Every structure is written in C-alpha cells, then in structure tokens.
1. Determine the sum of side-chain charges near VAL47: Lys and Arg each +1, Asp and Glu each -1, restricted to other residues whose C-beta is under 14 angstrom from that of VAL47.
2. Of PRO70, PRO221, PRO110, which is the most mobile in a GNM of the chain whose springs link Cα atoms less than 10 angstrom apart?
3. If I stretch the segment between LYS272 and ARG206 completely, what's the gain in nm (0.36 nm per residue apart, minus their alpha carbon distance), one decimal?
4. What FRET efficiency would be calculated for the residue pair PHE298, HIS80, taking the C-beta separation as r and a Förster radius of 30 Å, to the nearest 0.05?
5. Can you tell me the alpha carbon radius of gyration of the chain divided by the globular rule-of-thumb value 2.2 N^0.38 Å?
6. Taking Cα pairs under 8 Å and at least six residues apart, what relative contact order does the chain come out at, in percent?
7. Give the residue from GLY233, GLN311, ILE197 lying farthest towards the positive end of the charge dipole for the stretch 179-317; charges sit on Cβ (+1 for Lys and Arg, -1 for Asp and Glu) and the dipole is referred to the Cα centre.
8. So how strong a dipole does the chain carry about its Cα centre when Lys and Arg Cβ are +1 and Asp and Glu Cβ are -1, to the nearest 20 debye?
Amino acid sequence: MVTKEELKKVKIPKAKELIHTENRLAPGHRLCAGCTAGTIARLATLVTDPNDVVIFHATGCLEVATTIYPYTAWKLPWYHNAFENAAATASGAEAAFRAMVRKGKLKKIPDIIAFGGDGGTYDIGLQSLSGAMERGHDFVYICYTNGAYMNTGIQRSGGTPMYAATTTSPAGSVIPGKIQWRKDLVAIAAAHKIPYIATASPAAHRDLMTKVRRALDADGPAFILVDMPCPRGWRFPEKDSVKVAQLAIDTCYFPLYEIYDGKEYVLSPKSKAIANKPERKKPIEEYLAAQGRFKHLFKPEKRTDLIAKFQEALNKEWEYLLKLVNL
C-alpha cells in the first residue's frame, strides 16, 4: 500500500538519464504540425517500463493520427476502443489482470494508462469514467483537453472555454461563441475521493512526468487532466504551442495542482509561484488574444465587457482553489 506521503516523494530520473530513454511513441505519426498531443504522450510514457505497461485509447485526435491502418506509432501494448468506453475497457483489463495474479499466472498487475480527449471524457465517456473511479479500478486516466471535438470538425464540448468560436458555437453578431463556462472535470473526479488527481501541461514537462509516475504508483484510480493547445482548432501559429500552454498557466486559466484522496490540494511549483507573488499573474486578455478562436472579442471592436466577465469568472475559480490549498 503506497501512502500519500510516499506518493509525494516519488521522483523521476534526471534529464541526462531520460534523454537516452527510447521514445514509446515513434515520430512516424500524422498529428498536425505543432500539436501537443504527441508531446504529452511521449512525456507520459517515458516514465513507464515498456515491458510492464498497457495503453488503452479512446477514439480521438491522438488515436486516429498515430494508428492509421495498417501502421502504428506506438511501441507499447496498445488497444483502441470506442469514443465512450476507454475507462470501461481499462477497468475490464485491470480486473482480468487481477484475476491472473490471484491464479498465479502473473506476478503483478502491469501499469495501465487510458488516454482520452476532452470530447470523449468531459462528455461521451464521463459515465464509464465515473463508474471506473467509483469501483476503484487501479489505472490512470489521462484526459488531454484541447477544448473541442477537434478530430471530427472542431465542435464545442463540455471543455470548451466560454466565448470560444467552434463550428457548433460560431461567433456572430448575437452570440459571442460558446456562452457556457467549461465543465469542472477535476472537481467531478475529486468527488469520487480517488487516491490521486492532478492537472498538468506540456509547458511543465518534468512536472507532467512526475505526476504520471505518481498516478501510476497510487493504489487505485488516478486521473490527470492535461492542457493540450491545438494550433488548428485554437487558431495560432504552430510554433507557439508551448507558449500558449505557458500563458494558460500564467493567467491561471489552467493552474497546476494535485489532489490526494479527493481532499488535500497541493499547488505545483509554477502555480505556487503565482500564488506567492500575485503580481506574476497575467491578465486573461493575453491568453485570449493569442488565439484566433477568440478574435471576435477584439475585432472589429474590443469587447471589454466580455473580457472583463471572463476575467471575473476566472478570478473566482483561482481564489476558490487558493482556499482549497489553504493559501
């Protein structure tokens, strides 16, 4: 049984060691230029044992672009399932592995990771994910959130930011893009009181890898929400992917933190630095202005009223998080 204190002490190899580790995702894939999904998958799997891990994958951008028949970019045991049931499939596999351990056919249950995009997690796969967490299956679910159903045409999802323009929430003269605030998926996961939850970003690569290793070492379900800037859907230059991810952290739109046992909140270094020095927090306008999906907030005239409303809602979220971490 791994205790909370032991999880907090989990470390990953130093960079000079990791640099010689073979990528578990080969470069021969068809992800868009500048897509951070490949970066996230590589970072997450670098801290796994290739002989002791199994990957399950919901339909989505990362799945489609890395496994176009008859090719695959994955160098690990990898299973594709439907949009809605990555968590259910991983649950069944975990139960089967557990049975084989009981019968002496396996020495231990391998590490199990399920990947899903925000459409397949916030919306379509939420029921199976909730069920898996409630039952206590020992696996890690990583949701890479790009804020829409990018694979099928940039339709809005429960993870789409307020005022973002998508093909099903177009910005016009009456409605300024999506009018609802994004769903708080981390809070939903925390309500299940699972051992480990975290948010992560490709702009904080060692932080992301450390959290994946902690999630794998936790006894029971673990959930990680990873910010995934998408040049195609968010409308920014391919070279700016990590820059946009960093802006999400700096504006506190996507703060980095961990939750232990559904109740102990711990800020990660980059967000803790902002909490300790509030003057470092950047205005949300910088984040919005960097993306074409929000261009209607700036042209033909700047919508200061809507930007202020966004900032106000974001400030409330950040202040509530600081209360949860007792800062």
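1. On the way: positive: LYS11, LYS14, ARG24, ARG42, ARG206, LYS211, ARG213, ARG214; negative: GLU17, GLU22, ASP49, ASP52, ASP111, ASP207, ASP217.
Every neighbour counted, the sum reads +1.
2. Of PRO70, PRO221, PRO110, the most mobile in the Gaussian network model is PRO70.
3. Details: separation 66, 0.36 × 66 = 23.76 nm, distance 1.57 nm.
Here the segment from LYS272 to ARG206 would lengthen by 22.2 nm.
4. Values: r = 40 Å, r/R0 = 1.34.
The calculated FRET efficiency here is 0.15.
5. Details: Rg = 19.3 Å, N = 327, 2.2 N^0.38 = 19.9 Å.
Its radius of gyration relative to the 2.2 N^0.38 Å reference: 0.97.
6. The value is 16 percent.
7. With unit charges placed on the Cβ atoms, the residue in question is GLY233.
8. Working: 45 positive and 33 negative charges, 85 e Å.
Here the size comes out at about 400 debye.
Quick note: the coordinates plus some simple rules give every number you see, no bench work behind them. Just so it is clear, the model here is predicted, and its values are computed rather than measured. A quick note on method: Cβ atoms are made from the backbone with ideal geometry, for glycine too, and the neighbour counts reach across all protein chains shown.
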